[in-house]
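Written out below as structure tokens is the structure these notes cover.
Any read-out appearing in this document is the output of simple, stated calculations on the displayed coordinates, not a laboratory observation. These numbers were taken from a predicted model, which means no experiment stands behind them. When we count neighbours, we look across all protein chains shown, and the Cβ atoms used for this are built from the backbone with ideal geometry, even at glycine.
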Amino acid sequence: MRVFIGGSRELTSLSSDVQARLDNIVQQEFTVLVGDANGIDRTVQQHLLGQAYRQVLVYCAGARCRNNLGQWETHHVAPPHATKDFDYYAAKDTEMAVAADYGCMIWNGKSAGTLRNVLNLLQRSKTTLVYLEPQQRFQTIATGADLEKLLAFCAAADVAVFERKLKLSQTLAALAQPAASTQQLTLLT
């Protein structure tokens, strides 16, 4: 089982609830797919390093990883262009969504990148467990309707940014089609 763990760069600590979920992933010996960014990627790496966990694959955009604290195996993704912008780093996230069986995101409710990861997983009929940090709660996202419930906790200005950057309403409309999967996420609980 491969779990894509990611989250907001602005978050640099893990709640005890999130730590318990990570510990469960370790106990079940799942492979963790994690990025190389500062914030949650680095914080998750620190947690896994503290447990001497080896089943970790770090995804990096370009030839060099920004963070690989455990000197784990790496997967380098060719970015779409040389400018280090949103799309440059999103390329590795898309590949993690393809490779993963499930997602686990720690989200501040503002990061478009983290939301894009949830959307990428949903578009591939993969379930994501989202920890919404401001509310200190987990929510399972298996359908577009689940995501809409989560977005209700976000400020209108942030949702407007998501619409502009991610074409959110178009993606949600596509997810509402009957082919959308409703997998149950029981492995991470």
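In the range 44-145, the DSSP beta bridges split such that about 35 percent are antiparallel, to the nearest 5.
Working from label points 7 Å from Cα in the Cα-to-Cβ sense, the residue 101 to residue 54 distance is 2.0 nm. Summing charges over neighbours of residue 4, with a neighbour being any other residue whose Cβ is under 10 Å away from its Cβ, gives -1 when K and R count +1 and D and E count -1.
Think of it as helices only: each DSSP H run of n ≥ 4 in the chain is worth -39500 (n - 2.57), and spread over all residues that comes to -12000 deg cm²/dmol at 222 nm. Against the globular-protein guess of 2.2 N^0.38 Å, express the Cα radius of gyration of the chain as a ratio, rounded to two decimals. For the chain, the normalised Cα radius of gyration comes out at 0.96. Summing +1 for each Lys or Arg and -1 for each Asp or Glu among the other residues whose beta-carbon sits under 10 angstrom from that of residue 38 gives 0.
Rounded to the nearest 5, what is the percent of antiparallel bridges among the DSSP beta bridges in the chain?
Here the antiparallel bridges make up roughly 20 percent for the chain.
The residues neighbouring residue 96, those whose beta-carbon lies less than 13 Å from its own, together hold a net charge of 0 under the Lys/Arg +1, Asp/Glu -1 convention. In a fully extended conformation the segment linking residue 169 and residue 75 would gain 30.7 nm over its present Cα-Cα distance, using 0.36 nm per residue. Among 83, 43, 127, the largest mean-square fluctuation in a Gaussian network model of the chain (Cα springs under 10 Å) belongs to 83.
Pairs exceeding 18 Å between alpha-carbon atoms, taken from 84/110; 110/165; 126/167; 110/167: 84/110; 126/167.
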